[in-house]
Amino acid sequence: MTREEIIQAENLVYRKPELLNDVPMHYCPGCSHGVVHKLVSEVVAEMGMTEKTIAISPVGCAVFAYKYIDVDWQEAAHGRAPALASAVKRLWPDRLVFTYQGDGDLACIGTAETIHALNRGENITIIFINNAIYGMTGGQMAPTTLLGMKTVTCPYGRDPKLHGYPLKMADIAAQLEGTCYVTRQTVHTVAAIRKAKNAIRKAFEYSMQGKGSNLVEIVSTCNTNWRMSPVKANQWMEENMVPYYPLGDLKDNGK
Amino acid sequence: MAKMRGATVVDVERCKGCGLCVVACPLKVLALTTKNVNMKGYNYAETVLEDTCTGCASCAIVCPDGCITVYRKKEE
């Protein structure tokens, strides 16, 4: 069998999701954002919500997310995405509304908006990309930076006496009455990506069923600012991030 | 037992050469180029063991930029 015989439309197994635009993404090579963008595109298309999705893009690396996924977008001020999502969902209850935020946006400047939107039980989903560093601005310490981890603003490693402790946002969210589904996933292997996709699907479905707010934390990498190759960054994440940010469902009230 | 034959097509200009597909492939079908680069100057992924591929799509699933299209056919 020749290569040409295999490459036929009827033999197609996997291709770039249709909702993902052809424009090249500005993310660094090997960035986890791309994988999560693909998962979101696939889930929205599979749910048949292409025309009924309103997403909120943050400030941070994912600020241009509206260029890459072909759904309706609103751009929020830094950290205010959950507040904007609350308003959008209240005005359009039949729409699938989600925010897509990084750790600097969600866990630092937007902590108040995030916690209150989750606590109010707004029927939205928050997708939280936690890579323990500020990516876009050049690798500064984030609230989620691990103890001892070196960044440009803590070059001797994060010291709890000086900088406090890493913030576990998903654990906080799981304590709130308004949340329906809180989970923590990664996207570094094929199995992990499949699990993360199921988690995103579940969160979107719960938000459409009006069961409360949902938080999907994706523990991810920032190989550029961690000063590693993409492959090494995935290994480092598995060895260092996952023990501090344990994976799995922290809360599932939707069953 | 029927053998599955696969083929991967890499969108060379979209590829950023991160190498995640190379480690994700269980059969070492893909490798980054060592001499050629694309328009952006990245060493892109290419199929080096064409006959080995089974079309499992692991490479395409981990690709952050969605550069890889995978086809699979059962060998009669």
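With neighbours defined as other Cβ atoms within 10 Å of a residue's Cβ, the residues A:W92, A:W73 order from fewest to most as A:W92, A:W73.
Strictly greater than 22 Å: what percent of every Cα pair in chain B meets that? The answer is 19 percent, as a whole percent. Spatial offset of region B:11-76 relative to region A:1-75 amounts to 18 Å, using the alpha carbon center of each. Scalar couplings 3J(HN,Hα) for region A:68-77, obtained by applying the Karplus form with A = 6.51, B = -1.76, C = 1.60 to θ = phi - 60°, are 9, 10, 8, 10, 6, 10, 10, 9, 9, 5 Hz; x denotes Gly and Pro. In terms of overall dimensions, region A:91-153 has a Cα radius of gyration and Dmax of 14.0, 45 angstrom. Converting phi to 3J(HN,Hα) with the Karplus coefficients 6.51, -1.76 and 1.60 and the offset θ = phi - 60°, region B:39-46 yields 4, 7, x, 8, 6, 8, 7, 9 Hz in sequence order, with x at every glycine or proline. Inter-chain neighbour count for A:4-13: the average number of beta-carbon atoms from partner chains within 10 Å of each residue's beta-carbon is 6. Scanning residues 5 or more positions from A:I218 or on other chains, those with amide H under 5 Å from its amide H are A:F128, A:I129, A:N130, A:Q185, with H placed 1.01 Å from N in the peptide plane. Provide Rg over Rh for the protein assembly as shown; use the alpha carbon set for both Rg and the Kirkwood Rh (inverse mean inverse pair distance). Ratio value, two decimals: 0.98. Rounded to the nearest 500, the 222 nm mean residue ellipticity of chain A from helices alone is -9000 deg cm²/dmol, with -39,500 (n - 2.57) taken per DSSP H run of at least 4 residues.
Could you list the chymotrypsin sites (Phe, Trp or Tyr not before Pro) in region B:35-76 that lie in coil according to DSSP, counting only those with at most 12 other Cβ atoms within 10 Å of their Cβ? Nothing satisfies the criteria.
Rg of the Cα atoms in region A:1-141, relative to 2.2 N^0.38 Å, amounts to 1.18.
Among the trypsin sites (Lys or Arg not before Pro) in region A:2-78, those placed in a DSSP loop whose Cβ has at most 16 other Cβ atoms within 10 Å are A:R15. Averaging the sequence gap over all C-alpha pairs within less than 8 Å and six or more residues apart, then dividing by the number of residues, gives chain A a relative contact order of 18 percent.
Cross-link pairs exceeding 20 Å between alpha carbons, from the set A:K161/A:K232; A:K211/A:K255; A:K197/B:K40; B:K3/B:K28; A:K38/B:K3: A:K161/A:K232; A:K197/B:K40; A:K38/B:K3. When the chymotrypsin sites (Phe, Trp or Tyr not before Pro) in region A:84-165 are filtered for DSSP coil states and for at most 15 other beta-carbon atoms within 10 Å of their beta-carbon, the remaining sites are A:Y156. Between A:E238 and A:L147, the contour length at 0.36 nm per residue exceeds the Cα-Cα span by 31.2 nm. Only Cα pairs under 8 Å and 6+ residues apart enter the sum, and on that basis the relative contact order of chain B stands at 47 percent.
Here's how it looks for A:D249: its modeled amide H is under 5 Å from those of A:R184, which are all 5 or more places away or on a different chain. Rounded to the nearest 20 debye, the dipole size of region A:133-255 about its Cα centre is 220 debye, using +1 on the Cβ of Lys and Arg and -1 on the Cβ of Asp and Glu. Here the Karplus relation 6.51 cos²θ - 1.76 cosθ + 1.60, evaluated at θ = phi - 60°, turns the backbone of region A:82-97 into coupling constants of x, 5, 5, 5, 4, 5, 4, 5, 5, 7, 10, x, 8, 8, 7, 10 Hz, with x for every Gly and Pro. Remark: chain A carries a charge dipole of roughly 500 debye about the Cα centre, counting +1 on each Lys and Arg Cβ and -1 on each Asp and Glu Cβ. What longest region of chain A stays clear of GluC sites (Glu not before Pro) that DSSP places outside H, G, I, E and B and that have at most 12 other Cβ atoms within 10 Å? Between the exposed loop sites, the longest stretch runs A:19-176.
Read-outs throughout are calculated quantities, based only on the coordinates presented, and are distinct from any laboratory measurement. Note that this is a predicted model, so its numbers are computed, not measured. Glycine also receives a Cβ, built like all others from the backbone with ideal geometry; neighbour counts cover every protein chain displayed.
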